[in-house]
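So the structure is just underneath, and the comments pick up after that.
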Amino acid sequence: MSEQLILEELRSIKHYTLLGAKSVYDIDDACIITGLSKSRIYALTSANKIPYHKSPGGRNVYFDKRELDEWMLSRRFATEEELEQAALTYTRRKKSM
């Protein structure tokens with residue numbers, strides 16, 4: 001591996017390590033974390049469909065790590081096993097009424 005490739009790899013590792021230590025993300029960080037494009041993130045902020053904060057001057061957009069994590073995990077779908085268990089519990093309750 002060439003020295004240039006090693007340096008690029010080390011920069012990338014440093015960037016992702018620092019990203020993990022942050023509690024507030026800028027737009028570029030949010031794109032990396034969510035896997036969404038800048039235009040998609042901006043569209044979501046414009047529609048108030050993603051939690052975000054603006055800088056005091058209103059020019060920059062920031063994202064709280066915890067809020068962004070919660071937003072990404074907010075639409076959980078039950079597993080087949082969980083659905084079967086819920087159906088079984090429901091039918092048992094109906095029979096006992």
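The values are calculated or read from the model by the stated rules, or taken from the named source; none is laboratory data. Just so you know, these numbers come straight off a predicted model, no measurement behind them. Cβ: placed from backbone, ideal geometry, glycine included. Neighbour counts: every protein chain shown. The area values use the complete protein model at the heavy-atom level, side chains included, leaving out ligands, DNA and RNA. Shrake-Rupley method; radii C 1.70, N 1.55, O 1.52, S 1.80 Å.
Below is a table of values for the structure above.
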{"quantity": "Condition met for residue 55 (hydroxyl-bearing (Ser, Thr, Tyr), surrounded by 10 or more Cβ atoms within 10 Å (Cβ to Cβ) and modelled with pLDDT of 95 or more)", "calculated": "no"}
{"quantity": "Any hit, segment 34-41, residues being at pLDDT 90 or above, under 19 Å from the mean Cα position of the chain (by Cα), polar (S, T, N, Q) and surrounded by 13 or more Cβ atoms within 10 Å (Cβ to Cβ)", "calculated": "yes"}
{"quantity": "The one condition in (1) open to solvent by 70 Å² or more (accessible area, probe 1.4 Å); (2) in contact (Cβ under 8 Å) with a residue 40 or more places away in the chain; (3) touching a His at 6+ places or on another chain (Cβ under 9 Å) that residue 64 fails to fulfil", "calculated": "(1)"}
{"quantity": "Selected residue [among the aliphatic types (A, V, I, L, M), surrounded by 10 or more Cβ atoms within 10 Å (Cβ to Cβ) and modelled with pLDDT under 90] from 19, 83", "calculated": "19"}
